[in-house]
1. Of the residues that sit in the range 107-125 and are modelled with pLDDT of 90 or more and of a type in the set (V, I, T), which one is most open to solvent (accessible area, probe 1.4 Å)?
2. Of all residues in the range 22-34, which are closer than 18 Å to M75 by Cβ and open to solvent by less than 60 Å² (accessible area, probe 1.4 Å)?
3. List the pairs whose first member sits in the range 33-55 and is in contact (Cβ under 8 Å) with a residue 40 or more places away in the chain, whose second member is surrounded by fewer than 11 Cβ atoms within 10 Å (Cβ to Cβ), and whose Cβ atoms are under 6 Å apart, counting only residues at least 6 apart or on separate chains?
4. Tell me, yes or no, whether the range 52-71 has at least one residue that is closer than 28 Å to V133 by Cα and surrounded by 13 or more Cβ atoms within 10 Å (Cβ to Cβ).
5. Which pairs have Cβ atoms under 9 Å, sit 6 or more apart or on different chains, and link a residue in the range 109-137 that is closer than 13 Å to T99 by Cα to one that is of a type in the set (S, T, Y)?
6. Under 7 Å between Cβ atoms, at least 6 apart or on separate chains: pull out the pairs that start in the range 2-19 with a residue that is in a helix (DSSP H, G or I) and end on any residue that is surrounded by 10 or more Cβ atoms within 10 Å (Cβ to Cβ).
7. For the range 76-98, indicate whether the set of residues that are in contact (Cβ under 8 Å) with a residue 24 or more places away in the chain, open to solvent by less than 60 Å² (accessible area, probe 1.4 Å) and not in a helix (DSSP H, G or I) is non-empty.
Amino acid sequence: MWFLFVILTFFSNGLASVCQKMHQTEFPGLFCGEFTVVSFGVCTALFLCLKIVRKEKPDTCGVGLWCALPAGMLMGLNNFLTLTLASKLDSAVLFPMLTIFSMIFSVSVSKLFFKDDFSKVQMLGIVFGVCSVLLIK
């Protein structure tokens, strides 16, 4: 099951990146806010429909909201900035740069908020991952 979600994430992220670049190729520097709002509106409607179809009970303690709200806001900001930069930077520069920042941000959040400790092998893997993305171009 895990592998299925990895594959779905891989394709959905790739599709989103292609859509963002195509949008900014067609409308350079325009409609970034509108594109972001509509895309998140579609995602919200989709997930609400899934919640209704699955007949899930609402989160009565509100824990999910306090996790989902900042995550959604940060994701929206990320997508807005990506869309804005897509018209200004070459794809060969933009998307590897976003990958590196995502890796560094994830490692930083896991260390600061979740107090994760990485082994030397894991840290070496992260460094190699960042270097490999840097050396792609």
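The values are calculated or read from the model by the stated rules, or taken from the named source; none is laboratory data. Just so we're clear, the structure is a prediction, and the values are computed from it rather than from any experiment. We place every Cβ from the backbone using ideal geometry, glycine too, and count neighbours over all the protein chains shown. Side chains are part of the model used for accessible areas, which takes the heavy atoms of the whole protein and leaves out ligands, DNA and RNA. Shrake-Rupley method; radii C 1.70, N 1.55, O 1.52, S 1.80 Å.
1. Once the filter is applied, the top-ranked residue is V121.
2. Listed by number, the residues that qualify are H23, C32, G33.
3. none
4. no
5. Hits for this filter: G129/T99; V130/T99; V133/T99.
6. S17/F95
7. Checked against the condition, which is being in contact (Cβ under 8 Å) with a residue 24 or more places away in the chain, open to solvent by less than 60 Å² (accessible area, probe 1.4 Å) and not in a helix (DSSP H, G or I), the range 76-98 yields at least one hit.
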